[in-house]
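Bear in mind that the values in this text are calculations on the coordinates, not laboratory data. It should be emphasised that the depicted structure is a prediction, and the values quoted were computed from it without experimental measurement. Positions of Cβ are generated from backbone atoms using ideal geometry, with glycine treated the same way; all protein chains shown enter the neighbour counts.
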Amino acid sequence: MFHQLQEQEVSMLRAEIEILMKERQSLLKATGAAAAFIANLDSGALPEGAYEAAEMLSNCLNDLPEETLRDALDKVRAELADSE
């Protein structure tokens, strides 16, 4: 009985890890797209009301660990290369 419960717990943990890894990939994709957007943004062409949101997004991206941002940009670059 105990062994069966352990197997169930391991199976549930594996499933949760898979969900988290898929979510991470989605978040990396969104983050990479946001970083590419900000990098290519002409701030002079922004409507006045968008400055604060663009600045907030830029600050959030700058606060990320370098490795995470690199992974995010790599994910977007790979997708952009595939679509060309």
Practice item. Compute the acute angle (0 to 90°) between the alpha-carbon long axis of helix 2-39 and the principal axis of greatest extent of the alpha-carbon atoms of the chain; round to the nearest 10°. Key: 10 degrees
Study note, to complete from the structure: Longest principal axis of the chain (C-alpha) makes with the long axis of helix 51-63 (C-alpha) an angle, in degrees to the nearest 10, of 50 degrees
Revision key, fill the gap. Summing -39500 (n - 2.57) over every DSSP H run of at least 4 in the chain, dividing by its residue total and rounding to the nearest 500, the 222 nm mean residue ellipticity is -29000 deg cm²/dmol
Study note, to complete from the structure: Largest-first semi-axes in Å of the equivalent ellipsoid built from the Cα gyration tensor of the chain are 38, 15, 10
Exercise for review: Mind pulling the angle between the C-alpha long axis of helix 66-83 and the longest principal axis of the chain? Nearest 10 degrees, somewhere in 0 to 90.
Suggested key: 80 degrees
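In debye, nearest 20, what is the charge dipole magnitude of region 2-83 about its Cα centre with +1 on Lys and Arg Cβ and -1 on Asp and Glu Cβ, if you could check?
Roughly 220 debye, rounded to the nearest 20.
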